[in-house]
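The values are calculated or read from the model by the stated rules, or taken from the named source; none is laboratory data. Predicted model, so just to flag it, every value in this text is computed and none were measured. Counting neighbours? That spans all protein chains shown, and the Cβs are built from the backbone with ideal geometry, glycine included.
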Amino acid sequence: ETAAALVIGENIGTTVTAFLATLGATTNARRAAYFHILFNVAGFLWITAIFQWYLKLILYLVPTGVEAQIAATHSCFNIANTLLFLPFVPVCARFMERIVPSKGFKEKPRLTDLDIVMLETPLLAAEQSRNEIIKMGDGCVKMLGWLRELLQQSEHDANLARKLRNREKILDSVQDEVSHFITDILSGSVPHTVAEECRQQLRLADEYESVSDYVDTIFRFDEKLRKEELRFTESQNTDLLLLHETVVEYVVAVNDAYRARNIHAAETIVPLGKKIRQQIKEMRRVHLNDLSETTLPPQVTVAFLNALNAFDRVRDHAQNILQVVVGEK
């Protein structure tokens, strides 16, 4: 009886986590959390009224096995409560709209599929945030693809440039949403393995956001040259595209390792990282040697060296992600 009461009482405790997670959240998120509270409190009240008869029903359905009886107590309660609420969903929706009215201004839309109701199940919540981080990695690869197109173009494509900049801003916002969500998970009582996973996710979200920043930075170097009616030389552009190809291969491999939870990925990916470093070192050496033989505008020289440094920083952040995946950090 005590175990059954504690299991049902847990439903009330989870509403506190959901409520705290709504602080500063969007209107729809707050409505979802308040309905979650209403659902659990109402269910707690009616099950308390018939608790003794309910226990007899559970004992009848599951005569032996304490663990199975406790599981049945929780499952049957949630199923019954859901069935009882189904006819009242439209009424509850209108009630939520009244107690949490829409704001008088346009709210910033949520960019992730993170559901605060999942916070009561930390393992599932952590899996949700993991999926968002995987999407961040895919977003970085898309940005790198657009960057290559922009570097190859003789005429500036304003729409594609805007697309790349917007994606960088989106990844900024996604990182914020993921970080808030993970912080909410960690604020509750979570198993050690889930807590460790969440801490790693906080690190990964920051690393992927940094990758997007540096991709945008490389584009801005090229854009600045165009505005000054300057361009990278043919050899510089060839070098940047060659380096870009290796960096993309590296980032994609790191993303795949994280997606597959491949803790042995370093064996095949680390050599790629070393190749990037060697390419950058050689390109920098050749460029500096060429300065004594050719006359280049200083803006082009600075932009090229800064672009090499930015590609190197992309590699550094991708390497940090790899180290988390394989368990080195």
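Quick notes
- Count of residues meeting criterion [at pLDDT below 85, out of contact with any helix residue (DSSP H, G or I) (no Cβ under 8 Å at 6 or more places or on another chain) and of a type in the set (Val, Ile, Thr)] in the stretch 63-110: 1
- Where residue 27 falls short, out of the listed (1) in contact with a helix residue (DSSP H, G or I) (Cβ under 8 Å, 6 or more places away or on another chain); (2) under 30 Å from residue 177 (Cβ atoms): (1)
This table checks each residue for (1) surrounded by 22 or more Cβ atoms within 10 Å (Cβ to Cβ); (2) of a type in the set (A, V, I, L, M, F, W, C).
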| position | (1), (2) |
| --- | --- |
| 116 | yes, yes |
| 129 | yes, no |
| 139 | no, no |
| 150 | no, yes |
| 153 | no, no |
| 158 | no, yes |
| 162 | no, no |
| 173 | no, no |
| 177 | no, no |
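Results for (1) hydrophobic (A, V, I, L, M, F, W, C); (2) at pLDDT 95 or above; (3) surrounded by fewer than 20 Cβ atoms within 10 Å (Cβ to Cβ); (4) over 17 Å from residue 145 (Cα atoms), shown as yes or no for each residue.
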| residue | (1), (2), (3), (4) |
| --- | --- |
| 226 | no, no, yes, yes |
| 229 | no, no, yes, yes |
| 236 | no, no, no, yes |
| 242 | yes, yes, yes, no |
| 278 | no, yes, yes, yes |
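- Selection within the stretch 288-329 - hydrophobic (A, V, I, L, M, F, W, C) and under 30 Å from residue 198 (Cα atoms): 310, 311, 314, 318, 321, 322, 324, 325, 326
- Among the residues making up the stretch 179-202, those that are of a type outside the set (A, V, I, L, M, F, W, C), within 27 Å of residue 316 (Cβ to Cβ) and surrounded by 15 or more Cβ atoms within 10 Å (Cβ to Cβ) are 179, 180, 197, 200, 201.
- Selection of first residues in the stretch 41-61 that are assigned by TED's automatic domain parsing to the domain that holds residue 71 and of second residues that are of a type in the set (Gly, Ala, Ser), restricted to Cβ pairs under 7 Å at least 6 apart or on distinct chains, gives the following pairs, ordered by first then second residue: 55/4; 58/72; 61/72.
- Count of the stretch 176-190 residues which are touching a Pro at 6+ places or on another chain (Cβ under 7 Å) and not in a helix (DSSP H, G or I): 2
- Options 229, 282, 267; residue that is over 19 Å from residue 213 (Cα atoms), in the same structural domain as residue 137 (by TED's automatic domain parsing), acidic (Asp, Glu) and outside any helix (DSSP H, G or I): 229
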